[in-house]
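First the structure, in the form of structure tokens, and then the observations on it.
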Amino acid sequence: MGFLDNSGDIILDAVLTDAGRHRLARADGSFDIKKFALGDDEIDYSLYEGTHLSGAQYYDLKIMQTPVLEAFTNNTSTMNSKVITIGESNHFRLPVIKLFEEGVNARNANGSFVIPVDQTTVNNLTANNTVLQPGILNGFQVAGSQNQIRTDQGLDSATPPPTVDLQLILREPAYLVEIDNRLGEIFPPYAGTGASTSATYSFIDDDQIASYYLDSTTYIQDIPTGPNSAEPSSIQGSRGNKLTFRIGASVELNSSTYLFTTLGSTATVALTNGPNTLAASSYYYLDSIVRVTGVNTGYRIDIPIRYIKTI
């Protein structure tokens with residue numbers, strides 16, 4: 001991996017993604033590029049000089065001459081900020097997606113959502129009839145576990161206020177949720193006691209990243225607005241909708257320590273759950289992320305996840 005020098009001629013560096021190369025390798029004449037995406041991950045807009053003494057042609061010169069990374073194919077490392085087209089030209093702000101971290105949706109004190117992956121670990125944390133505190137999601141018995149993950153979407157500014165509905169063109173009709181399929185899978189939010197069935201992923205790429213296309217009211221609900229709405233939100237201004245889900249641990253994490261010893265480590269800090277504690281060095285941990293992307297705006301956030309297993 002290297003940088004491209006943009007100080008002279010503009011260089012176009014393009015490569016096929018892993019999926020594109022796989023389809024090209026079929027050699028059956030079916031390979032045809034029909035879609036592409038543009039992004040601005042590497043652009044520092046603070047370099048724009050709207051008052052440059054030499055004139056308008058120099059306003060964006062520093063931006064144009066900034067070195068950029070060579071194209072690479074790993075879908076988890078590029079195109080984090082895709083360029084989008086909005087059909088209306090009178091928008092001064094774009095919506096964002098933010099974690100909502102109150103009550104059963106809060107993160108653990110270590111900054112991650114903690115997922116105990118087997119019965120032993122859950123029992124060690126819930127002895128004496130205690131329940132799992134917010135930020136610790138039962139990855140072994142997802143059914144009946146109230147703790148979950150929630151993201152809110154909308155305009156995170158004082159104006160327009162939350163009493164004004166977010167315009168339909170800016171709302172997210174669906175979300176793409178990506179998770180390492182070796183580690184876990186996506187489950188619906190808490191809906192009382194009873195069994196939970198995991199969501200069905202759309203596809204798994206060659207990096208074992210499972211993509212879930214979530215567009216049902218099981219996962220997505222509008223955030224109430226209006227003067228009589230008392231529902232809290234992480235969004236300051238006009239609110240769109242909220243996405244809520246839980247995570248179940250994979251069979252491999254539940255039944256084996258291989259991925260913990262290969263990709264993870266042994267904890268050095270104790271994990272507290274009410275009156276119960278998993279002592280440091282008494283459990284494995286493996287850090288990962290879940291990526292949530294709005295399919296309308298392309299806005300995305302990475303949510304830190306920590307899987308744990310008693311040694």
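The values are calculated or read from the model by the stated rules, or taken from the named source; none is laboratory data. Note that the structure is predicted; figures quoted are calculated from it, not measured. Neighbour counts run over all protein chains shown; Cβ positions are idealised from the backbone, glycine included.
In region 129-172, which residue that is over 22 Å from Thr197 (Cα atoms) and charged (D, E, K, R) is nearest to the chain's Cα centre (by Cα)? Checked region 129-172; the qualifying residue nearest to the chain's Cα centre (by Cα) is Asp152. In region 178-227, counting only strands (runs of 3 or more DSSP E) that sit wholly within it, the ones holding 1 or more residues that are in contact with a strand residue (DSSP E or B) (Cβ under 6 Å, 6 or more places away or on another chain), of a type outside the set (Asp, Glu) and under 14 Å from Val142 (Cβ atoms) span 184-187. Looking at (1) of a type in the set (A, V, I, L, M, F, W, C); (2) within 25 Å of Ala199 (Cβ to Cβ); (3) in contact (Cβ under 8 Å) with a residue 24 or more places away in the chain, can you tell me which one Val122 breaks? Single failed check for Val122: (3). Scanning region 171-202 for residues that are crowded, with 21+ Cβ neighbours inside 10 Å and under 17 Å from Thr151 (Cα atoms) gives Glu172, Tyr175, Val177, Glu178, Ile179, Ile186, Phe187. One residue stands out in region 109-125 among those that are modelled with pLDDT of 95 or more and in a loop (DSSP other than H, G, I, E, B): the one that is farthest from Asp156 (Cα to Cα), namely Asp118. Being closer than 30 Å to Asn254 by Cβ, out of contact with any helix residue (DSSP H, G or I) (no Cβ under 9 Å at 6 or more places or on another chain) and not in a loop (DSSP other than H, G, I, E, B), is that true of even one residue in region 129-142? Yes, the conditions are met somewhere in region 129-142. Condition test on Asp165, is it of a type outside the set (A, V, I, L, M), surrounded by fewer than 18 Cβ atoms within 10 Å (Cβ to Cβ), outside any helix (DSSP H, G or I) and in the same structural domain as Asn241 (by TED's automatic domain parsing)? Here the answer is yes, as Asp165 does meet what is asked.
Beta carbons closer than 6 Å, at least 6 apart along the sequence or on distinct chains, pair a first residue in region 78-89 that is small (Gly, Ala, Ser) with a second that is at pLDDT 75 or above for Ser81/Gly39; Ser81/Asp40; Ser81/Asp41. Would you mind stating whether Lys98 is in a strand (DSSP E or B) and of a type outside the set (Ser, Thr, Tyr)? It is true that Lys98 is in a strand (DSSP E or B) and of a type outside the set (Ser, Thr, Tyr). Which of the residues that make up region 126-146 are buried (at least 20 other Cβ atoms within 10 Å of the Cβ), modelled with pLDDT under 95 and among the β-branched types (Val, Ile, Thr)? Hit for region 126-146 is Val142, nothing else.
May I ask you to list the residues in region 237-260 that are of a type outside the set (Gly, Ala, Ser), farther than 30 Å from Ile169 by Cβ and touching a strand residue (DSSP E or B) at 6+ places or on another chain (Cβ under 7 Å)? Residues satisfying the conditions are Arg246, Ile247, Leu253, Thr257, Leu259, Phe260.
Which one is farthest from the chain's Cα centre (by Cα), of the residues in region 20-41 that are under 24 Å from Arg300 (Cα atoms) and surrounded by fewer than 13 Cβ atoms within 10 Å (Cβ to Cβ)?
Of all residues in region 20-41, those under 24 Å from Arg300 (Cα atoms) come to 20, 34-41.
From what's left, surrounded by fewer than 13 Cβ atoms within 10 Å (Cβ to Cβ): 34-38, 41.
Numbers: Lys34: 27, Lys35: 23, Phe36: 22, Ala37: 19, Leu38: 20, Asp41: 16 Å.
Out of the qualifying residues, it is Lys34.
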